[in-house]
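Notes follow once the structure below has been shown.
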Number of protein chains: 2
Amino acid sequence: MTQVAAGIDIGGTNTKIGLVNREGKLLKHTSIETTAYLEVDDYFAAMAKAIKDLMSDLGSDAVLNGVGVGAANGNYYTGTIDRSTNLRWKGTIPLAEMFQKSFNKPCLITNDANAAALGEMIYGNAKGMKDFLMITLGTGLGSGFVCNGQLLNGHHGIAGELGHTTVNINGRYCNCGKRGCLETYVSATGIRRTVYKLLADHLEPSELRGISFEDLNTKMITDAALRGDIVAKQCFEYTGRILGMKLADAVVHTDPEAIFLFGGLAQAGELIFTPTIRSMEENLMPLFRNKVKVLPSGLQNQAAPILGASSLIWDHLSR
Amino acid sequence: MTQVAAGIDIGGTNTKIGLVNREGKLLKHTSIETTAYLEVDDYFAAMAKAIKDLMSDLGSDAVLNGVGVGAANGNYYTGTIDRSTNLRWKGTIPLAEMFQKSFNKPCLITNDANAAALGEMIYGNAKGMKDFLMITLGTGLGSGFVCNGQLLNGHHGIAGELGHTTVNINGRYCNCGKRGCLETYVSATGIRRTVYKLLADHLEPSELRGISFEDLNTKMITDAALRGDIVAKQCFEYTGRILGMKLADAVVHTDPEAIFLFGGLAQAGELIFTPTIRSMEENLMPLFRNKVKVLPSGLQNQAAPILGASSLIWDHLSR
């Protein structure tokens with residue numbers, strides 16, 4: 001018998017669906033267009049059909065243990081997606097209940113960064129750890145906190161929002177409505193904003209001067225820095241300094257064993273890790289210094305969001 | 001039979017010792033001078049004798065369930081006091097082991113702010129809550145985080161240090177060796193520093209101009225503000241604005257149901273609560289707004305540190 005959990009990663013454009021075994025191997029996967037369904041019931045039916053088709057492909061000895069879903073604004077306690085800003089269906093979507101009725105198996109939902117944190121704990125570099133922070137650096141900055149072996153959900157199910165802590169109350173405008181949020185500096189979008197700030201402030205020549213804001217991406221900035229471009233290098237210093245400063249606050253709050261960085265910006269390697277670690281240590285009170293590891297995620301591939309979502313089920317069954 | 005737990009509050013000058021029942025009533029208490037003992041063994045013997053004497057006073061049907069200790073730098077995991085800066089005995093003091101051997105009962109140690117948090121949960125205004133933050137405003141700013149019904153200890157046993165998060169990296173010098181820590185602004189000492197800053201910056205007359213830094217205390221600033229003193233009022237605005245800003249970070253990290261303020265500064269009531277709550281809400285991303293209560297502690301009396309320490313035992317026995 002092949003024991004599997006379904007993992008679903010709901011994005012604004014695409015929904016990725018996969019079957020994952022207990023060891024974190026993605027056995028089958030597919031994708032549907034999130035935007036192709038006018039009604040949420042039709043969207044749900046398409047996801048349910050996709051899971052059934054994947055199970056058939058896997059063979060008759062496969063056993064589905066449950067469905068885990070990662071989605072922005074996914075609420076673990078209520079099993080719903082609430083007031084999503086990137087989906088067309090408004091209000092509250094009771095997705096866990098819909099899956100439970102359809103499959104008669106546990107369905108658990110959480111936000112995408114919490115799912116990534118569980119994925120890191122169940123399959124990745126946080127195996128065996130009970131206290132760690134997961135930072136996902138994508139278009140925004142997501143984070144999931146694991147404390148005492150459990151995902152930190154908080155009273156309203158929305159804990160672990162490092163991305164919207166304040167760097168500077170008069171700082172950059174954020175999609176959330178505030179100013180100066182960490183994710184306006186530290187994310188794929190944030191680092192592009194920093195390139196433009198530095199190009200505006202400084203006189204140095206830079207290969208980035210020829211690229212429009214829309215065309216610019218983290219890979220280009222990384223490659224420029226590796227070629228010695230001064231502005232690109234400063235850009236990582238600037239980003240790491242801010243990330244380290246805010247990680248220091250999270251460290252004294254939660255005292256983790258390690259912090260994992262996931263996503264495109266983390267793939268810049270030493271360019272981002274070195275200034276981040278330096279700044280974090282400088283901003284820590286001495287009692288906390290040289291205790292917390294800052295490490296790359298062990299889930300560095302495209303399947304990570306599916307793996308993270310599926311890990312909700314293994315975590316649930318192990319309790 | 002009267003079931004009691006001993007609670008010990010170790011301060012740099014005095015050590016307060018009491019017997020507390022399950023309902024949080026302080027039945028007997030005494031105090032010894034922390035500084036009167038050259039050797040830690042003699043200090044320990046004096047504490048043990050005090051507990052035995054209090055038990056005798058209570059009568060032969062009293063049952064001791066254990067000894068809880070609150071102390072700066074108390075480590076819950078190791079049961080030790082590590083590198084204390086306010087005690088004369090250096091290095092690591094294995095106090096839990098010493099009490100366990102002497103009484104053959106559980107002995108648990110934690111830092112004073114964590115003890116206060118447990119006290120709030122077991123006896124105070126956090127009864128029934130599973131997610132809350134306790135902020136103790138004394139000479140410094142201590143904090144204890146309760147997440148998912150458990151004290152957040154972290155990987156090294158030192159979580160919940162809100163007082164040493166950074167307000168301003170170029171800010172006030174802190175005893176911890178850093179600059180700009182929250183407790184240099186928000187504490188009995190911090191607000192005195194703020195009075196002096198405002199007196200330096202502004203021209204307004206103020207009754208506080210006649211008081212030396214050494215003589216100044218929170219009560220004087222509170223009374224002046226209540227009499228309409230502009231500098232004293234600004235001082236609470238300034239302090240609340242900074243506290244609210246950093247509470248907002250702690251809220252998005254941990255998503256608590258409530259935050260409790262304890263200690264002299266909290267007794268200033270609306271003077272400190274109003275600007276703190278306003279600033280916290282302004283600094284929260286909209287998803288978190290109007291969800292978290294900021295409340296006075298239910299342990300507003302001199303016995304609170306003993307109660308907090310004793311609650312470690314009831315918490316332990318309930319697991």
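The values are calculated or read from the model by the stated rules, or taken from the named source; none is laboratory data. Source: prediction; values computed, not measured. All Cβ positions, even for glycine, are placed from backbone atoms using ideal geometry, and neighbour counts span all protein chains on display.
Contact annotation: no residue pair with Cβ atoms under 7 Å, 6 or more positions apart or on different chains, pairs a residue in the stretch B:237-251 that is closer than 16 Å to B:Ser187 by Cβ and outside the structural domain of B:Pro275 (by TED's automatic domain parsing) with a partner that is at pLDDT 95 or above and not in a helix (DSSP H, G or I).
If the condition is being modelled with pLDDT under 95, over 21 Å from B:Leu243 (Cα atoms) and touching a helix residue (DSSP H, G or I) at 6+ places or on another chain (Cβ under 8 Å), then the stretch B:125-141 contributes only B:Lys127. The residues of the stretch A:142-167 that are touching a helix residue (DSSP H, G or I) at 6+ places or on another chain (Cβ under 7 Å) and within 8 Å of chain B (Cβ to nearest Cβ), listed by number, are A:Phe145, A:Cys147, A:Leu152, A:Gly154, A:Ile158, A:Ala159, A:Gly160, A:Glu161, A:Leu162, A:His164, A:Thr165, A:Thr166. Number of residues in the stretch A:236-285 that are acidic (Asp, Glu) and facing chain B (nearest Cβ under 10 Å) equals 4. The selection criterion, being buried (at least 24 other Cβ atoms within 10 Å of the Cβ), away from chain A (no Cβ under 12 Å), in contact with a strand residue (DSSP E or B) (Cβ under 8 Å, 6 or more places away or on another chain) and more than 14 Å from B:Asp315 (Cβ to Cβ), does not hold for B:Thr110. Here's a check for you: in the stretch B:244-275, which residue that is more than 18 Å from the chain's Cα centre (by Cα) and among the polar types (S, T, N, Q) is farthest from B:Phe132 (Cα to Cα)? In this case the residue turns out to be B:Thr274. Across the stretch A:203-219, the number of residues qualifying as farther than 26 Å from A:Val167 by Cα and in a helix (DSSP H, G or I) comes to 3. Is it fair to say A:Lys130 is within 24 Å of B:Glu257 (Cα to Cα) and not aromatic (Phe, Trp, Tyr)? For A:Lys130, the condition - within 24 Å of B:Glu257 (Cα to Cα) and not aromatic (Phe, Trp, Tyr) - is met. Does any residue of the stretch A:129-137 turn out to be more than 14 Å from chain B (Cβ to nearest Cβ) and part of a strand (DSSP E or B)? The answer is yes; a qualifying residue exists. Sub-7 Å Cβ pairs linking a first residue in the stretch B:285-309 that is under 30 Å from B:Ile51 (Cα atoms) to a second residue that is among the basic types (Lys, Arg), at least 6 apart or interchain, are B:Pro305/B:Lys16; B:Ile306/B:Lys16, ordered by first then second residue.
When you look at A:Ala200, is it assigned to a helix (DSSP H, G or I), surrounded by fewer than 19 Cβ atoms within 10 Å (Cβ to Cβ) and among the small types (Gly, Ala, Ser), yes or no? In short, yes. Quick check: is even one residue across the stretch A:36-53 more than 23 Å from the chain's Cα centre (by Cα) and closer than 23 Å to A:Ala117 by Cα? Looking for residues that are more than 23 Å from the chain's Cα centre (by Cα) and closer than 23 Å to A:Ala117 by Cα, one finds none in the stretch A:36-53, hence no. Any residue in the stretch B:173-195 that is aliphatic (A, V, I, L, M) and within 21 Å of A:Asp249 (Cβ to Cβ)? Yes, that holds for at least one residue. Touching a Leu at 6+ places or on another chain (Cβ under 7 Å), assigned by TED's automatic domain parsing to the domain that holds B:Met134 and in a helix (DSSP H, G or I): does that describe B:Thr222? Yes; evaluated as a whole, the condition is true for this residue.
One residue stands out among those in the stretch B:168-190 that are part of a loop (DSSP other than H, G, I, E, B) and more than 10 Å from every other protein chain (Cβ to nearest Cβ): the one that is farthest from the chain's Cα centre (by Cα), which is B:Asn170.
Could you tell me which residue of the stretch B:23-71 is surrounded by the most Cβ atoms within 10 Å (Cβ to Cβ), considering only residues that are in contact (Cβ under 8 Å) with a residue 60 or more places away in the chain and part of a loop (DSSP other than H, G, I, E, B)? Here the answer is B:Gly24. Of the residues making up the stretch B:1-12, just one is touching a strand residue (DSSP E or B) at 6+ places or on another chain (Cβ under 7 Å) and part of a loop (DSSP other than H, G, I, E, B), namely B:Met1.
Taken over the stretch B:72-101, the criterion of being surrounded by fewer than 17 Cβ atoms within 10 Å (Cβ to Cβ) and assigned to a helix (DSSP H, G or I) is satisfied by B:Glu97, B:Lys101.
The lone criterion from (1) in contact with a Phe, Trp or Tyr (Cβ under 8 Å, 6 or more places away or on another chain); (2) more than 12 Å from chain A (Cβ to nearest Cβ) left unmet by B:Leu118 is number (1). Checking A:Ile259, A:Ile230 one by one, the residue that is surrounded by fewer than 20 Cβ atoms within 10 Å (Cβ to Cβ) and either among the β-branched types (Val, Ile, Thr) or outside the structural domain of A:Gly160 (by TED's automatic domain parsing) (or both) is A:Ile230 and no other.
When restricted to residues that are farther than 21 Å from B:Gly24 by Cα and part of a helix (DSSP H, G or I), the stretch B:260-319 contains 22.
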